[in-house]
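*Asks:* Sharing a structure with you now.
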Amino acid sequence: MNLDDVRDDLSTVLFTEEQIQARMLELAAQIDKDYADKSPLMVGILNGAVMVMADLSRALTIHCEMDWMAISSYGSGVASSGVVRILKDLNTAIAGRHVLIVEDIIDTGLTLAYLAGNLRSRNPASIEICAAFRKPEALCNEVNVKYLGFDIPSDFVVGYGLDYAGHYRNLRGLGVLSPKVYS
Ligand code: PRP
């Protein structure tokens, strides 16, 4: 799905497919360099990270492996206490592995603060985070992201893995959803 296909649903286009792809290539080049002899285990967080994982991993020139986790965060009251639930755990043991967590977006940072702590307790050789987007104004948990695509405003964004009611994940660019769609 292209931006033009849903242009009426968007109040703003933040990034085109070309801009996102160009940034993913830059991130992949950094990862290639940093993990030159390390064959990282890339851990994607379902569902949103599917697109960034697909693009980033294919842009690498080094070998990597992929695994996936699914997380559910509770409602806002509970979420602020840092409670998230693992719906699907890794298939892979990560002790001694170089783990790279791959996310579509860092919003409050709750998901990644929890995940990084959880995975760190499994004794990987290293653990780093890659995220396509971050909302700095919404951050309330410290997240040390080594590979970041773009900082974005705290608006309701869709595309490149990010959904509204299950739709727009397959949108190639990233845009702000018009309030008329959800109000
Ligand atoms: C989104 C996103 C991150 C999380 C970030 O997932 O993919 O995992 O929210 O938010 P946080 O920084 O406030 O924790 P979501 O729960 O919407 O699930 P999805 O990936 O299946 O859309």
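*Asks:* Give the residues of segment 20-59 that are away from the ligand (no atom under 16 Å from the Cβ), open to solvent by less than 20 Å² (accessible area, probe 1.4 Å) and aliphatic (A, V, I, L, M), sorted by residue number.
*Replies:* Within segment 20-59, M24, L27, A28, I31, L41 meet the criteria.
For (1) closer than 18 Å to G48 by Cβ; (2) out of contact with any Lys or Arg (no Cβ under 9 Å at 6 or more places or on another chain); (3) among the charged types (D, E, K, R), each residue gets a yes or a no:
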| residue | (1), (2), (3) |
| --- | --- |
| A70 | yes, no, no |
| V99 | no, no, no |
| A116 | yes, yes, no |
| P124 | no, no, no |
| K146 | no, yes, yes |
| D163 | yes, no, yes |
| L177 | yes, yes, no |
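*Asks:* Check segment 17-39 and report whether any residue there is in contact with a His (Cβ under 7 Å, 6 or more places away or on another chain), under 16 Å from K146 (Cα atoms) and touching a residue at least 40 places away in the same chain (Cβ under 8 Å).
*Replies:* Taking every residue of segment 17-39 in turn, at least one turns out to be in contact with a His (Cβ under 7 Å, 6 or more places away or on another chain), under 16 Å from K146 (Cα atoms) and touching a residue at least 40 places away in the same chain (Cβ under 8 Å).
*Asks:* Keeping to segment 141-176, report how many residues are touching a residue at least 40 places away in the same chain (Cβ under 8 Å) and within 10 Å of the ligand (Cβ to nearest atom).
*Replies:* 5
*Asks:* For Y182, indicate whether it is of a type in the set (F, W, Y), within 12 Å of the ligand (Cβ to nearest atom) and out of contact with any helix residue (DSSP H, G or I) (no Cβ under 9 Å at 6 or more places or on another chain).
*Replies:* Taking the combined requirement at face value, the residue does not satisfy it.
*Asks:* Report yes if P179 is within 22 Å of E18 (Cα to Cα), touching a strand residue (DSSP E or B) at 6+ places or on another chain (Cβ under 9 Å) and either without any contact (Cβ under 8 Å) to a residue 40 or more places away in the chain or surrounded by fewer than 18 Cβ atoms within 10 Å (Cβ to Cβ) (or both), otherwise no.
*Replies:* Here the answer is no, as P179 does not meet what is asked.
*Asks:* So, G96, is that one open to solvent by 10 Å² or more (accessible area, probe 1.4 Å) and at positive phi or not?
*Replies:* yes
*Asks:* Taking L119 and the conditions (1) part of a helix (DSSP H, G or I); (2) open to solvent by less than 20 Å² (accessible area, probe 1.4 Å); (3) within 10 Å of the ligand (Cβ to nearest atom), which numbered condition does it fall short on, given that it satisfies the others?
*Replies:* The single condition L119 does not satisfy is (3).
*Asks:* Here's a follow-up. Would a scan of segment 140-162 turn up a residue that is part of a helix (DSSP H, G or I) and modelled with pLDDT under 95? Give the steps one after another, and end with the answer.
*Replies:* At the first step, the residues of segment 140-162 found to be part of a helix (DSSP H, G or I) are none.
Scanning segment 140-162, I find no residue that is part of a helix (DSSP H, G or I) and modelled with pLDDT under 95, so the answer is no.
*Asks:* Let me ask another. Can you find a residue in segment 98-112 that is away from the ligand (no atom under 13 Å from the Cβ), out of contact with any Ser or Thr (no Cβ under 8 Å at 6 or more places or on another chain) and outside any loop (DSSP other than H, G, I, E, B)?
*Replies:* Yes: segment 98-112 contains one or more residues that are away from the ligand (no atom under 13 Å from the Cβ), out of contact with any Ser or Thr (no Cβ under 8 Å at 6 or more places or on another chain) and outside any loop (DSSP other than H, G, I, E, B).
*Asks:* State yes or no: is E128 away from the ligand (no atom under 13 Å from the Cβ) and either within 30 Å of D37 (Cα to Cα) or in a helix (DSSP H, G or I) (or both)? Break it down stepwise before answering.
*Replies:* Details: away from the ligand (no atom under 13 Å from the Cβ): yes; either within 30 Å of D37 (Cα to Cα) or in a helix (DSSP H, G or I) (or both): yes.
Here the answer is yes, as E128 does meet what is asked.
*Asks:* Being acidic (D, E) and over 14 Å from I20 (Cα atoms) is the filter here; which residues of segment 150-172 pass it?
*Replies:* Across segment 150-172, the qualifying residues are D155, D163.
The values are calculated or read from the model by the stated rules, or taken from the named source; none is laboratory data. Worth saying up front: this structure is predicted, and the values here are computed from it rather than measured. Methodologically, a virtual Cβ is constructed for each residue, glycine included, from the backbone with ideal geometry; neighbour enumeration extends over all protein chains shown. What goes into the accessible areas is simple: the full protein's heavy atoms, side chains included, and nothing from ligands, DNA or RNA. Shrake-Rupley method; radii C 1.70, N 1.55, O 1.52, S 1.80 Å.
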